[in-house]
Amino acid sequence: MNRQAVDVLEPTSEHYQPHRPAITAARGAGATAPQGANREGVLRVLVVENDARAADTLLKGLLRQGYAAQSVGTGAQALRAHHDADLVLLDLDLPDLDGLEVCRGIRAVSNTPIITVTARGSELDRVLGLQAGSDDYLVKPYGFRELLARMDAVMRRVRSQQSSTARIIDHGPLRIDAGARVATLDGEQVDLTRKEFDLLYLLASQPDTVVPRRQIMAQVWDDAWSPHGRTVDTHVSTLRGKLGASEWITTVRGIGFRLGHP
């Protein structure tokens, strides 16, 4: 494997230590941040990883980059600790709960960004991870610099959403409140993941207009140039189901999608 100058993480389950203490890394050599600390300018990262050696390697790398980070090794610990994090790096292969279940559990109560970091690399695994609520999906082994770039991209989207002026879009019986990040249909709230909401908001902000796939990938996934696969199609299909009618979103073959009127 060509590592060049990139740190590559290759976790193996033989090093798993189920009762290891949480490790905290903070900005500055030798500095220690208490659990849940949120110093100004320091991003709090929760690493959910069942391999102690891989977790330690990742935490040291995050320390060098100026992040505050905490590591847990089980799904149950992750469900308790995510409230104190600004970003979650989630391994799917955990000893007690399936990572997808953990992802859904976090997403049910929080909009904290989640990057799935796992050895499961099939298209189906990626689709299931995104459907469970992940904001991004990274397959092991990976380059540390790529992980940092994906973390930056995810947090850019979050900051953009938080800093944007709150806006309410009414499209027939569909109302989308960007400030509250809530969508309602005929007055009933529609349960959406972060990506589903972002996709619906983008389409609703350009009603009756075809939004190109590349624009969707750029604005919702911050990734206009990688192969699209079925990421957009999967989210559109899920959105149609949640809105109760396929006519809400029209596919314009070879171009993109349009929010219509069922």
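The values are calculated or read from the model by the stated rules, or taken from the named source; none is laboratory data. No experiment lies behind these values; they were computed from the predicted model shown. Virtual Cβ from ideal backbone geometry, glycine too; neighbours counted across all protein chains shown.
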Subset of the stretch 49-98 [in a loop (DSSP other than H, G, I, E, B) and under 15 Å from residue 114 (Cβ atoms)]: 49, 85, 86, 91, 92, 94, 97
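Taking residue 121, is it among the small types (Gly, Ala, Ser) and part of a helix (DSSP H, G or I)? First the steps, then the outcome.
Details: among the small types (Gly, Ala, Ser): yes; part of a helix (DSSP H, G or I): no.
No.
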Residue, modelled with the highest pLDDT, within the stretch 243-262, restricted to residues that are assigned to a helix (DSSP H, G or I) and in contact with a helix residue (DSSP H, G or I) (Cβ under 7 Å, 6 or more places away or on another chain): 248
Residue check for residue 109: β-branched (Val, Ile, Thr) and out of contact with any helix residue (DSSP H, G or I) (no Cβ under 8 Å at 6 or more places or on another chain): yes
Residue 87, sole failed condition from (1) at pLDDT below 95; (2) over 17 Å from residue 50 (Cβ atoms): (1)
Top-ranked residue of the stretch 124-154 - restricted to ones that are in a strand (DSSP E or B) and touching a Gly at 6+ places or on another chain (Cβ under 6 Å), ranked as farthest from residue 88 (Cα to Cα): 139
Residue within the stretch 87-96 that is surrounded by 24 or more Cβ atoms within 10 Å (Cβ to Cβ), among the β-branched types (Val, Ile, Thr) and under 13 Å from the mean Cα position of the chain (by Cα) present: yes
Residue within the stretch 160-172 that is in contact with an Asp or Glu (Cβ under 9 Å, 6 or more places away or on another chain) and under 25 Å from residue 79 (Cα atoms) present: yes
Test set (1) assigned by TED's automatic domain parsing to the domain that holds residue 244; (2) part of a strand (DSSP E or B); (3) under 21 Å from residue 85 (Cβ atoms) - residue 195 fails condition number: (2)
Which listed residue, of 126, 104, is without any contact (Cβ under 8 Å) to a residue 60 or more places away in the chain, at negative phi and not aromatic (Phe, Trp, Tyr): 104
Sole exception among (1) of a type in the set (Lys, Arg); (2) surrounded by fewer than 18 Cβ atoms within 10 Å (Cβ to Cβ); (3) in contact with a helix residue (DSSP H, G or I) (Cβ under 9 Å, 6 or more places away or on another chain); (4) within 26 Å of residue 257 (Cα to Cα) for residue 140, by number: (4)
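To keep it simple, each residue is scored yes or no on (1) touching a Ser or Thr at 6+ places or on another chain (Cβ under 7 Å); (2) modelled with pLDDT of 90 or more; (3) surrounded by 18 or more Cβ atoms within 10 Å (Cβ to Cβ).
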{"site": "147", "(1), (2), (3)": "no, yes, yes"}
{"site": "156", "(1), (2), (3)": "no, no, no"}
{"site": "160", "(1), (2), (3)": "no, no, no"}
{"site": "166", "(1), (2), (3)": "no, no, no"}
{"site": "172", "(1), (2), (3)": "no, yes, no"}
{"site": "181", "(1), (2), (3)": "no, no, no"}
{"site": "198", "(1), (2), (3)": "no, yes, yes"}
{"site": "203", "(1), (2), (3)": "no, yes, yes"}
{"site": "214", "(1), (2), (3)": "no, no, no"}
Qualifying residues in the stretch 219-236 (those that are surrounded by 15 or more Cβ atoms within 10 Å (Cβ to Cβ) and under 17 Å from residue 258 (Cα atoms)) - the one modelled with the lowest pLDDT: 219
Residue ID - surrounded by the fewest Cβ atoms within 10 Å (Cβ to Cβ), chosen from residues in the stretch 117-134 that are touching a Lys or Arg at 6+ places or on another chain (Cβ under 6 Å) and under 15 Å from residue 196 (Cβ atoms): 132
